[in-house]
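The values are calculated or read from the model by the stated rules, or taken from the named source; none is laboratory data. Remember, predicted model here, so these are calculated numbers, not experimental data. Here Cβ is always computed from backbone atoms with ideal geometry, including for glycine, and neighbour counts include all displayed protein chains.
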Amino acid sequence: MAFDVAACQAMDTIGVRQCEKGLGKIILKPDSPDLIAGVRVAPFPLFPDDRGCFQEVVRMRSGLVADFDPQTTQVSAALNYPGTIKAFHYHLLQTDYWVPVYGMLQVALVDLRPESKTYGARNTFYVGSMRPWQIYVPPGVGHGYKVIGTEMAFLVYVTNRFYNPDDEGRIPYNDPRINYDWETQHK
């Protein structure tokens with residue numbers, strides 16, 4: 001894939017606002033008013049029976065991926081061990097659609113778009129086997145996760161563009177400006 005000059009120039013439009021230590025808003029329902037602008041969440045059905053369960057991950061041209069072009073859509077998966085943290089990264093052009101199919105994830109999002117009405121906002125989701133939600137992450141929203149619990153977690157993610165390293169930016173999981181609290185909350 002060719003180098004995208006517009007994406008490179010857009011790097012200047014990403015900003016990290018100083019945050020207080022914490023988790024941001026914990027999202028407990030898909031239609032929460034606290035969602036970062038452009039982030040969408042929907043539950044997905046599981047169909048259990050005496051053999052296990054079935055889950056439909058994506059149906060092109062419908063649901064949260066209705067606007068994904070099938071010609072450029074990529075489906076990927078990540079299997080991670082308990083305690084693994086993968087954060088933060090963002091895209092300037094690419095939209096992500098996440099479906100945690102096994103295990104549990106603590107998903108962290110941060111709005112890096114200075115022009116956004118929710119710039120600097122952080123969202124935390126606890127999703128996976130115990131809360132089967134799909135999450136739509138627009139460009140400019142930093143995203144990452146931690147595997148929680150004692151089992152591995154399996155994340156399927158669908159992107160509206162083929163992977164392009166020129167479109168991806170990374171921020172350390174412990175960046176002091178985002179100040180995200182990855183510690184288990186012993187309350």
Restricting the first residue to segment 5-25 and requiring it to be closer than 14 Å to G142 by Cβ, which pairs with a second residue that is assigned to a helix (DSSP H, G or I) and modelled with pLDDT of 85 or more meet a Cβ separation below 6 Å and a spacing of at least six or different chains? none
Just give me the residues in segment 178-187 being touching a residue at least 40 places away in the same chain (Cβ under 8 Å) and part of a loop (DSSP other than H, G, I, E, B), in sequence order. I178, N179, D181, W182, Q185
For residues that are of a type in the set (D, E, K, R) and farther than 26 Å from Y119 by Cβ, scanning just segment 12-66, find the one that is surrounded by the fewest Cβ atoms within 10 Å (Cβ to Cβ). D50
How many residues does segment 148-177 contain that are farther than 22 Å from G24 by Cα, charged (D, E, K, R) and either assigned to a loop (DSSP other than H, G, I, E, B) or more than 14 Å from the chain's Cα centre (by Cα) (or both)? 4
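For every residue, the table says whether it meets (1) within 27 Å of S62 (Cβ to Cβ); (2) among the acidic types (D, E); (3) modelled with pLDDT of 95 or more; (4) assigned to a helix (DSSP H, G or I).
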residue: A2; (1), (2), (3), (4): no, no, no, no
residue: A7; (1), (2), (3), (4): no, no, no, yes
residue: D12; (1), (2), (3), (4): no, yes, no, yes
residue: G15; (1), (2), (3), (4): no, no, no, no
residue: C19; (1), (2), (3), (4): no, no, no, no
residue: P30; (1), (2), (3), (4): yes, no, yes, no
residue: I36; (1), (2), (3), (4): yes, no, yes, no
residue: V41; (1), (2), (3), (4): yes, no, yes, no
Qualifying residue in segment 137-147 (condition: under 10 Å from the mean Cα position of the chain (by Cα), buried (at least 22 other Cβ atoms within 10 Å of the Cβ), within 25 Å of L46 (Cα to Cα) and in contact (Cβ under 8 Å) with a residue 60 or more places away in the chain): yes
Quick one: which strands (runs of 3 or more DSSP E) sit completely within segment 76-136 and have at least 2 residues that are among the aliphatic types (A, V, I, L, M) and in contact with a strand residue (DSSP E or B) (Cβ under 7 Å, 6 or more places away or on another chain)? 85-91, 96-102, 104-111
Can you confirm whether segment 52-66 contains a residue that is hydrophobic (A, V, I, L, M, F, W, C), in a loop (DSSP other than H, G, I, E, B), under 17 Å from A153 (Cα atoms) and out of contact with any Gly (no Cβ under 9 Å at 6 or more places or on another chain)? yes
Out of all the residues in segment 69-81, is one or more without any contact (Cβ under 8 Å) to a residue 40 or more places away in the chain and either over 16 Å from Y145 (Cα atoms) or touching a helix residue (DSSP H, G or I) at 6+ places or on another chain (Cβ under 9 Å) (or both)? yes
